[in-house]
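Have a look at the structure below before the remarks.
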Amino acid sequence: MITRLDNSVAISKRGKILLDTLHFLVLVASCIMIIWITRSTLTSMSFLVDTSYLNFQFWVCILFMIDIAVEWYYSQQKLRYIITNSLFIIISIPYLNIIHHFNLQLPGEVMYLIRFIPLIRAGYVFALVSGALTSNKSLSIFWVYMIWVITSLYIGALLFFVEEHSINPQVDTIWTSLWWAALDMTTVGSNINAMTATGKTIAIILSAEGLMLFPVFTVYVTNAVLKK
């Protein structure tokens with residue numbers, strides 16, 4: 001029996017089980033990375049000296065590459081698959097391990113952000129799986145929307161906390177940072193003012209995302225009500 005996972009991949013039942021297993025492992029590994037990144041952020045632990053984290057992220061990236069290779073193998077149009085998924089192929093490269101191996105010196109903000117790159121791949125995989133598990137296209141789009149909002153909010157809050165908590169007395173805990181990010185994304189505004197260039201940039205990005213994404217949510221809810 002042939003099962004179509006998306007518009008470019010047609011696979012057998014055994015292949016679908018293999019891909020679903022790989023996607024599940026990617027999601028579990030990404031959740032562990034989120035917890036690890038949060039713990040190291042709150043404890044001010046440097047991930048470049050944490051060999052356990054570097055090794056873990058290396059094998060997570062290898063898992064991503066295996067997932068890509070299997071998808072490419074089952075793809076009907078292999079060249080098109082490489083072109084359309086080039087971004088996700090690029091972000092599956094273990095950049096942290098390459099930087100650590102060659103002892104490259106990059107700004108702290110850039111290094112911190114690189115740790116989140118594999119999570120973009122995880123979000124893509126989750127969207128792919130949710131799209132395959134439901135026949136409702138609008139529900140699949142809704143899952144993609146929710147993943148993007150939550151991921152952006154959490155990453156923005158962590159980055160804001162790292163940059164601001166040492167010099168901004170208003171940012172004393174990660175929960176304060178999350179509260180600030182949520183209010184900023186909803187464009188409600190917060191009494192917490194960013195003091196660093198990175199914090200101000202994050203504020204602009206989150207506000208812009210809120211202006212673009214929340215109308216999408218409104219349209220989705222309206223269509224769902226009308227269909228009912």
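We did not get these values from a lab; they are worked out from the coordinates using the rules stated. This structure is a prediction, so every number in the text was calculated from the model and none was measured. Ideal geometry is used to build each Cβ from the backbone, glycine not excepted, and the neighbour counts take in all protein chains shown.
Of note:
- Ranked by the mean number of other Cβ atoms within 10 Å per residue, highest first, peptides 75-86, 18-29 order as 18-29, 75-86.
- Projected label distance in nm at N55 and L106, using a 7 Å step from Cα toward the beta-carbon: 2.3
- FRET efficiency estimate (nearest 0.05) - Cβ-Cβ, A69 to F214, R0 35 angstrom: 0.40
- N97 paired with D172, simple spin-label distance in nm, labels 7 Å along Cα-to-beta-carbon: 4.2
- Contour excess over end-to-end distance, with Cα ends at L25 and N193 and 0.36 nm allotted per residue: 56.5 nm
- For the stretch 146-158, backbone phi angles converted through the Karplus equation (6.51, -1.76, 1.60; θ = phi - 60°) give residue-by-residue couplings of 5, 4, 5, 5, 5, 5, 4, 5, 6, 4, x, 5, 5 Hz, Gly and Pro being listed as x.
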